[in-house]
Amino acid sequence: MDFFASQDAARRKTSLLVLYFGLAVFFIIIAIYLALTFILLSQQSRTGQFDPSRFWNPDLLVAVVSGTLIVVLSGSLYKIAVLRSGGARVAEMLGGKLIPAGSRDFFEKRLLNIVEEMAIASGVPVPPVYLMEKEKGINAFAAGFTPDDAVIGITRGALETLNREELQGVVAHEFSHILNGDMWLDLKLVGFLHGLLLIALIGRSILRGSSRSRDSKNSGGAVLFGLVLLILGYIGVLFGKLIKSGVARQREYLADASAVQFTRNPQGLAGALKKIGGLASGSLIENNKAEEISHMFFSNGLKASWLGVFSTHPPLVERIIRLDPAFNGIFPKVIPEQVSAAKAERTEVKEKQPAEKIPKGAAVIALTLLAADPKNITREIGTPVREHIESARRMLDSLPQQVREAASDPFGARAVIYCLLLDKDSDVRGRQKEHLRSSADKSVFEATEKILPYMLTLEEESRLPLMDLAMPSLRSMSLEQFRRFEDNIDSMVRIDERISLFEFILKHVVVRRLERNFVTPQRSFTVVDSVREAVQEISCILSLLANIGHDDDRAVQAFAGAAAIFEQEGVKLQYLTKKECKGIKLEDILDRLAELSPKVTQALITAAFQCLVHDNRITMKEAEFFRLLVYALDTPLPPWIKI
Amino acid sequence: MGTGMVVLLIFLAVIVFGILFFVAIYNKLIQLKNRFKNAFAQIDVQLKRRYDLIPNLVETAKGYMKHEREVLEAVIKARNQASSAMEKASADPGNSEAIQGLVGAESALTGTLGRLFALVEAYPDLKANQNMMQLSEELTATENKVSFARQAFNDAVMAYNTAREIFPNNIVANMFAFKEAQLFEVKVEAEKEAPQVSF
């Protein structure tokens, strides 16, 4: 299943969930109504007569329906709203602490390296990593709404008992949750369950309230009512949990399979699972909030339930056997990682795969899948493979130490971004530097000067990954610091009175992503499901792309080739000449395109790629523009690999 | 539908939304609190780096400054005090006494470091020492990072403190003991700028 298909499936599953959830609410309403009628009748029946027609009480029905809906909907919507504000909230809820990008702890550093490799290999921004310091079990989770605000959480136990390969397997498993759109599903699940739980909670507080009041005459009915709500609420939750674990178990197998696909190393993941089996604390999470998001963990975070049906994860042995059919069911004894041994392992890995020098400065980029059938491009999305991870590691290793270090602390990360913005033209660069000298901090300016010589040696294609790499550090800026940073970027970009493509990408992506730190994004609920609604935008973007990579006549042809993909569906696109492209407001178009449904997005990316490879060569500029498009569409495209 | 029912429904709705409103405030405060705690982690990393560099610096200086034992010992002592103060503060960045303690220890350390560097001026050989040059360069870089991280922390603390004071957040803040957090401000004038280590 490719990225778009699984995104689509995740959304479809959501509608199925809504249906289940609606049914649950329906039955709860009926049950509450019956129970209330019964309570009322039993109180009246002391007077003797019994009248079946009393079971029909429209007033009561309206009250029950609206009361239940208010409670359940507000509970669900509230929880979803809280979780929507980003994965960081979930991580913090579980007692996770952000691992600072510049951490010097060996285990933390190793984990950050693995996450960086994996993120760059799959083309998503490097997610912040949270450590659950107090948890001794081996576990991890991914949370967030989109790849953009995703975070990864991991326990101290996992950090110190797993070796590098096993840890990579776990991280790959979590990344596949991010890429498969599982977090989207998770969020809805948690929200729905919370709505049902709220009924039970209200029942409980009624029970408590009335047991305190001594007025036993009136409280009889209230106690009964509270009890009914409590029981029904919990029954609802019970069914919710059944749905939740049913869905979650399937997703776990899928994530395991994708993780193996990414790393092409089933032993790593299997090793991690075996260690969970062999460890006394297993994968237990002690934080009491763990229940709520139990299905988001790498392995079962709760004490073994007496009924397998409630387990959110498939049995450990079964998962291992799928990865390693030779497994005999006996878990090995677990010894914690020794720092010295772990360090040796890392160097050994390095020796085995000597960092190949990537050929320098080639403007023509070959792709893993060549232009033979551009339609295949979308199959690459969301599915990094071993080669991507290795090439990401090579790229990271090839970065000068000073640059790598600067990118990993919030202070130096700004300098890295400023350096990326410095113009090739020495006159413009001089003016940009002058601007930095006067309006940036003196110390930042010095740091920029210091790393500049190293930045100049960078390969062109390391520039965008470097931006991704600096992201987690940049996120720790305060709002005030961010505003200043934004102003400086803006003035640096504008200093030569023209905005180059790279400048635009950097500014657009950095600012958009950081802004989400401070304001919860106003994600519009409108989904553009048909190409027809975005003909103009799609025409613009494809014309731009055609004009960037080709001269006039060939541009028309390239555009026509791309437009053909939409014509199959009976939509005619309008070609814009180079001149007409000049006046386009790219920001608005990209924002609009971000609303496309997965299906349309897939078509657009296929078309754009078709346009890209029209003349069988891809220039750096084209490649970067294509990446901008992919960024704007929130689509994780693995980096190009040169052959 | 009877008026009794309508009243009951409205009552229910008001209670539910009231609860949600309070929970929202509570969550907002927690979020802001976590934000400044995370900001402290950045200071923590850089200060640790600073405390690691100082013994090396003193070790290098020892070979040249035979007669300044006192100052060197004072630097090490101040460094150790600051280091333990930081451990306390990093255990709970929301504890204003711990932060206050760290501010005091940091100011003292910066003061003694300043004295050390003033003395170094009198030892041209030491000034020209490769190791010494590298260490002080790195120390300056670390100072810059500390002051940047401190600024981020103070902004986050300020946002939290403001949020917990305004109505109706202050009701929730008092109910759940959201204490006022302490800014990390360096009192000594000399520390406003990174210590002068240019030589």
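For region B:78-91, the Karplus equation 6.51 cos²θ - 1.76 cosθ + 1.60, evaluated at θ = phi - 60°, returns couplings of 5, 5, 5, 5, 4, 5, 6, 5, 5, 4, 4, 5, 6, 5 Hz by residue, with Gly and Pro reported as x. With 0.36 nm allotted per residue and the present C-alpha distance subtracted, the residue A:533-residue A:289 stretch has 83.5 nm of extension available.
Extension gain, residue A:19 to residue A:426, is 140.3 nm, computed as 0.36 nm per intervening residue step minus the present C-alpha separation.
Near residue A:98, the amide H atoms lying under 5 Å from its own belong to A:131; only residues 5 or more places off or on other chains count, and H is placed 1.01 Å from N. Over all pairs of different C-alpha atoms, region A:385-518 has a mean inverse distance whose reciprocal, the Kirkwood radius, equals 15.1 Å.
Shape class of region A:531-632 from the Cα gyration tensor (axes a ≥ b ≥ c, square roots of the eigenvalues): rounded, since a/c falls below 1.5.
For region A:81-152, trypsin sites (Lys or Arg not before Pro) are listed when DSSP marks them as loop and at most 11 other Cβ atoms sit within 10 Å of their Cβ; the list is A:104. Under conditions of 4 °C and 1.567 mPa s, the protein assembly as shown yields 43 µm² s⁻¹ as its translational diffusion coefficient, taking Rh as the Kirkwood radius over Cα pairs in the Stokes-Einstein equation. Aspartates and glutamates within cross-link reach of residue B:77: Cα-Cα under 20 Å, excluding same-chain residues under 8 positions apart? Residue B:77 reaches B:44, B:52, B:59, B:68, B:87, B:106, B:143, B:191.
Measuring between alpha carbons in the structure, the pairs from A:134/B:37; A:109/B:37; A:244/B:33 lying more than 28 angstrom apart are A:244/B:33.
Bridges between two residues of region A:60-160, per DSSP, are antiparallel at a rate of about 60%.
With θ taken as phi - 60° and the Karplus curve 6.51 cos²θ - 1.76 cosθ + 1.60 applied, the whole-hertz 3J(HN,Hα) list for region A:178-191 is 4, 6, 7, x, 5, 5, 4, 5, 3, 4, 5, 4, 4, x Hz, x standing for glycine and proline.
Each Lys or Arg adds one and each Asp or Glu takes one away; over the other residues whose Cβ falls under 11 Å from the Cβ of residue A:138, this sums to +1. Across all directions, the average flat footprint of the convex hull enclosing the Cα atoms of region B:3-192 is 12.1 nm².
Taking amide H atoms as placed 1.01 Å from N in the peptide plane, the amide H of residue A:596 lies under 5 Å from those of A:528, each 5 or more residues away in sequence or on another chain. Among residues other than residue A:319 with Cβ under 12 Å from its Cβ, the summed charge is -1 (Lys and Arg +1, Asp and Glu -1). Taking the DSSP bridge list for the protein assembly as shown and keeping only pairs wholly inside it, about 60 percent are antiparallel. For the cross-link pairs A:450/B:127; A:424/A:572; A:79/B:179; A:136/B:48, the ones whose C-alpha atoms lie over 31 Å apart are A:424/A:572. Summing Lys and Arg as +1 and Asp and Glu as -1 over all other residues whose Cβ lies under 14 Å from the Cβ of residue B:149 gives a net charge of +1.
Once a ≥ b ≥ c are taken as the square roots of the eigenvalues of the Cα gyration tensor of region A:393-436, is the result rounded (a/c under 1.5), prolate (a/b larger than b/c) or oblate (a/b not larger than b/c)? Taking the square roots of the gyration eigenvalues as a ≥ b ≥ c, region A:393-436 is oblate.
Every number in this text was worked out from the coordinates using simple rules, so none of it is lab data. Predicted, not measured: the structure shown is a model, and the values here were computed from it. Counting neighbours? That spans all protein chains shown, and the Cβs are built from the backbone with ideal geometry, glycine included.
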